[in-house]
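Student: Can you read through this structure? Questions will come right after.
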Amino acid sequence: MAIRYLKQGRDAAAVVEADAKVRAVVESIIRDVEQEGEAAVRRYSRQFDQWDPADFKLSPQQIEGAISSLSRQELSDIRYAQEQIRNFARIQRESMRDVEVETQDGVILGHKHIPVSAVGCYVPGGHYPMIASAHMSVLTAKVAGVKRIVATAPPFNGKPHPAMVAAMHFAGADEILALGGVQAVAAMAVGTESIEAVDMLVGPGNMFVAEAKRQLFGRVGIDLFAGPTETLVIADDTSDAEMCAVDILGQAEHGPTSPAALLTTSETLARATLKEIDRQLERLPTADIARIAWRDYGQVIVCDTLDEMRLKADELAFEHVQVMTQDPQWFLDRLQNFGALFLGPRTNVSYGDKVIGTNHTLPTKRAARYTGGLWVGKFLKTCTYQRVDTDEASVRLGEICSRLCHMENFVAHGEQANLRVRRYGGNPDLPWYQPAPAPAD
């Protein structure tokens, strides 16, 4: 039997049409911020968030007030999560070494990992205050050595969310803004009268924020395309419908455009999970969002073999992949396209989102085919350098370089090499703008 769908989401044409509308809205907002600066930022903040404070940048007193409003347990839990993420980020940073090596006599090559100077971290908070996103972006940038970190989050219920402010502060943000949406991303990238432009934008967001980062890429760097969350559950007959449904709806509640899929070799499990999702939606407090996401973007796919599931999972290239099969290691050894893997029933995507220590800013919309998620290395520029220490090495390289340049008709390039051959090789009679003579056979 072929791979078969018991449920499919919206067709590709409808998704393309929706994306086109998002692009047009984002283009307009970015253009206005470029032309009008903070006036446009304020206008859009009022329009989308009903938020127009005297200053978008929080004062030390506002930050301290937010922190003091939280309970001891809330502060302890935030610090615990941050310590897990900090620890793993430090381990990742330590794995990245500067190198310098003499590749041949007199020729030194090396690279250095240099932190980006200024980073803007977007912390989403539209439907939910995404406290964990502050850890993932701000804290990881701090471990990488970024000198200036601007963190921004939209207001929540008419004011900065205290736990989000605390998380951004504890993570090491140098500036904290209460500002959301495309206007926040554009303000950090373009700069306004009160916000100095950054060099890089990071952090997840809804489809508008993700599109804004895409359009601003080139003017600033970005971490990756991190739009609405995606989750894929891979399961066989050793799993159960309750857990599959919980893990699907646990991510579908992110937003109405969040894809969620079940990929299984068991049609019995597939049909039971469909019923279980309907049952859980009847009692889920966030069902108004999760139901729309499941209706429009949910999929249930039945395969005959593990290898068919592997091929389909790599084709989907989802952000989160939860593996609940008899041998999860089989998929770890073979899958190539995923943002993050969650292996076995004892772990789940929520652990990765909030507390376990890996970064939850991950590639969506099949970007996992060519990039991994946000990590400490994303904030580092790996820059090479070269040094030639001896006359003999410069002449040896120069003679070969000269002839290669002339093969490409790069005459002036060749003369850069020829000058070194004349100066360091005692060959002042070598003609200008001519390739160095080849050695005799």
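Student: Of all DSSP beta bridges in the chain, what percent run antiparallel (nearest 5)?
Tutor: Numbers: 19 of 53 bridges.
Restricted to the chain, the bridges split so that about 35 percent are antiparallel.
Student: To make sure I understand the rule: partners must be aspartates and glutamates, Cα under 18 Å from the Cα of Lys381, and not fewer than 8 residues away in the same chain. Which ones qualify?
Tutor: Filter leaves Glu94, Asp98, Glu100, Asp199, Asp223.
Student: What is the gain in length, in nm to one decimal, between Asp327 and Arg148 on full extension, counting 0.36 nm per residue of separation less the C-alpha to C-alpha distance?
Tutor: Values: separation 179, 0.36 × 179 = 64.44 nm, distance 4.46 nm.
Contour length minus the Cα-Cα distance gives 60.0 nm.
Student: Another question, then. Asp288 versus Thr371, label points 7 Å from Cα toward the beta carbon: distance in nm?
Tutor: Modelled inter-label distance: 3.4 nm.
Student: Just report the Cα centroid separation between the stretch 321-392 and the stretch 257-320, whole Å.
Tutor: Cα centroid of the stretch 321-392 versus Cα centroid of the stretch 257-320: 23 Å apart.
Student: Quote the charge dipole size of the stretch 197-333 about the Cα centre in Debye, to the nearest 20; the model charges only the Cβ of Lys and Arg (+1) and of Asp and Glu (-1).
Tutor: Numbers: 11 positive and 24 negative charges, 132 e Å.
Rounded to the nearest 20 debye, it is 640 debye.
Student: Check which residues have an amide H placed less than 5 Å from Leu201's amide H, if you skip close sequence neighbours.
Tutor: Excluding prolines and chain starts, which carry no amide H, the hits are Gly120, Gly221, Ile222, Asp223.
Student: Taking a probe of 1.4 angstrom, what is the accessible area of Val349 in Å², to the nearest 10?
Tutor: Looks like 10 Å² after rounding.
Student: Taking the Cα atoms only, what angle lies between the long axis of helix 207-216 and the longest principal axis of the chain, rounded to 10 degrees?
Tutor: Its long axis makes an angle of about 10 degrees.
Student: Which semi-axis lengths, in whole Å and largest first, follow from the square roots of five times the eigenvalues of the Cα gyration tensor of the stretch 188-258? Numbers along the way, then the final one.
Tutor: Working: eigenvalues 269, 26, 15 Å².
Rounded to whole Å, the semi-axes are 37, 11, 9.
Student: With just the Cα atoms defining each centre, how far is the stretch 24-81 from the stretch 143-208? Give it in Å.
Tutor: Centre-to-centre distance over Cα atoms comes out at 7 Å.
Student: Here are some values of Cα extents along the principal axes in Å: (1) 89, 63, 43; (2) 92, 60, 44; (3) 74, 47, 42. Which one was computed from this structure?
Tutor: (1)
Student: Another question, if that's okay. Provide Rg and Dmax in Å for the stretch 243-299, with only Cα atoms included in the calculation.
Tutor: For the stretch 243-299, the Cα-based Rg and Dmax read 10.4, 31 Å.
Student: About its Cα centre, how strong a charge dipole does the chain have in debye, to the nearest 20, once Lys and Arg get +1 and Asp and Glu get -1 at the Cβ?
Tutor: Values: 46 positive and 57 negative charges, 120 e Å.
Computed charge dipole of the chain: roughly 580 debye.
Student: Here is a follow-up. Less than 23 Å apart at the alpha-carbon level, and either on another chain or at least 8 residues along: which lysines does that give for Lys312?
Tutor: Hits, sequence-local ones excluded: Lys7, Lys365.
Student: What residue among Tyr385, Trp375, Thr358 has its Cα farthest toward the positive end of the dipole of the stretch 336-394, where the charges are +1 on Lys, Arg and -1 on Asp, Glu, each on the Cβ?
Tutor: Thr358
Student: Run through the stretch 317-385 and list the trypsin sites (Lys or Arg not before Pro) located in a DSSP loop whose Cβ has at most 12 other Cβ atoms within 10 Å. Walk me through the numbers on the way to the answer.
Tutor: Values: sites: Arg334, Arg346, Lys354, Lys365, Arg366, Arg369, Lys378, Lys381; in loops: Arg346, Lys365, Arg366.
Answer in residue order: Arg346.
Student: Running a GNM on the chain with Cα contacts under 10 Å, which residue among Asp52, Asp314, Asp429 ends up with the highest mean-square fluctuation?
Tutor: Fluctuation is largest for Asp429.
Student: I'd like to know how the stretch 1-158 sits against the 2.2 N^0.38 Å rule of thumb: what's its Cα Rg over that expected value? Provide the component values of the computation, followed by the final result.
Tutor: Working: Rg = 22.5 Å, N = 158, 2.2 N^0.38 = 15.1 Å.
This ratio for the stretch 1-158 stands at 1.49.
Student: Can you give the log10 of the normalised intensity I(q)/I(0) at q = 0.14, 0.25 Å⁻¹, computed with Debye over equal Cα scatterers of the stretch 38-90?
Tutor: Each listed q corresponds, in turn, to -0.65, -0.89.
Student: Could you sort out which of Lys21/Lys159; Lys159/Lys378; Lys21/Lys213; Lys21/Lys354 sit more than 24 Å apart by Cα distance in this structure? Write down the numbers at each step before the final one.
Tutor: Values: Lys21/Lys159 29 Å; Lys159/Lys378 31 Å; Lys21/Lys213 16 Å; Lys21/Lys354 32 Å.
In this structure, Lys21/Lys159; Lys159/Lys378; Lys21/Lys354 exceed 24 Å between Cα atoms.
Student: While we're looking at this one, here's another question. Can you give the longest run of the chain that contains no chymotrypsin sites (Phe, Trp or Tyr not before Pro) sitting in a DSSP loop with at most 15 other Cβ atoms inside 10 Å? Please report the intermediate quantities before stating the final value.
Tutor: Numbers: sites that count: Tyr370, Phe410, Trp432, Tyr433.
Maximal segment without exposed cleavage sites: 1-369.
Student: Another question, if that's okay. Among Pro328, Pro428, Pro363, determine the one that fluctuates most according to a GNM of the chain built with springs between C-alpha atoms less than 10 Å apart.
Tutor: Judging by the Gaussian network model, the answer is Pro428.
Student: Tell me, what ³J(HN,Hα) does each residue in the stretch 79-94 have, in order and in whole Hz, if you take phi through Karplus 6.51 cos²θ - 1.76 cosθ + 1.60 with θ = phi - 60° and put x for Gly and Pro?
Tutor: 5, 4, 4, 5, 5, 5, 6, 4, 4, 5, 4, 5, 4, 5, 4, 5
Student: Could you identify which residue out of Pro162, Pro228, Pro60 has the top mean-square fluctuation in a GNM of the chain using Cα springs shorter than 10 Å?
Tutor: Most flexible of the set in this elastic network: Pro60.
Student: Would you kindly calculate the mean projected area, averaged across all directions, of the convex hull enclosing the Cα atoms of the stretch 164-204, in square nanometres? Walk me through the intermediate numbers first.
Tutor: On the way: hull surface 12.6 nm².
Here the figure is 3.1 nm², rounded to one decimal.
Student: Using 7 Å Cα-to-Cβ label points, what is the Glu83/Asn157 separation (nm, one decimal)?
Tutor: That separation, rounded to one decimal, is 2.9 nm.
Student: Still on this model: Filter the trypsin sites (Lys or Arg not before Pro) in the stretch 51-160 down to the DSSP loop ones having no more than 10 other Cβ atoms within 10 Å, then list what survives. Don't jump to the answer; show the numbers that get you there.
Tutor: Working: sites: Lys57, Arg72, Arg79, Arg86, Arg90, Arg93, Arg97, Lys112, Lys142, Lys147, Arg148; in loops: Arg97, Lys147.
Filter output for the stretch 51-160: Arg97.
Student: Looking at the stretch 122-221 only, what percent of DSSP beta bridges run antiparallel? Nearest 5 please.
Tutor: Details: 1 of 8 bridges.
Just about 10 percent of them are antiparallel.
Student: Within the chain, what's the longest stretch lacking GluC sites (Glu not before Pro) that sit in DSSP loops with no more than 14 other Cβ atoms inside 10 Å? Walk me through the intermediate numbers first.
Tutor: On the way: sites that count: Glu193, Glu196, Glu282, Glu408.
Here the longest run is 1-192.
Student: Assign unit charges at the C-beta atoms only (+1 for Lys and Arg, -1 for Asp and Glu), then state the dipole size of the stretch 25-68 relative to its Cα centre in Debye, rounded to the nearest 20.
Tutor: Details: 5 positive and 9 negative charges, 16 e Å.
The dipole of the stretch 25-68 has a size of about 80 debye.
Student: A further question on this structure: Place a point 7 Å from Cα of Arg271 in the direction of its Cβ. Which residues in the stretch 238-256 have their backbone N less than 15 Å from it?
Tutor: Inside the label zone: 241.
Student: State, as an integer percentage, the relative contact order of the chain based on alpha-carbon contacts under 8 Å between residues 6 or more apart.
Tutor: On the way: 883 pairs, mean separation 80.0, N = 441.
Rounded, it is 18 percent for the chain.
The values are calculated or read from the model by the stated rules, or taken from the named source; none is laboratory data. All figures in this text were calculated on a predicted structure; none of them were measured in a lab. Note that we place each Cβ from the backbone using ideal geometry, even for glycine, and neighbour counts take in every protein chain shown. Accessible surface areas use protein heavy atoms only, side chains included; no ligands, DNA or RNA. Shrake-Rupley method; radii C 1.70, N 1.55, O 1.52, S 1.80 Å.
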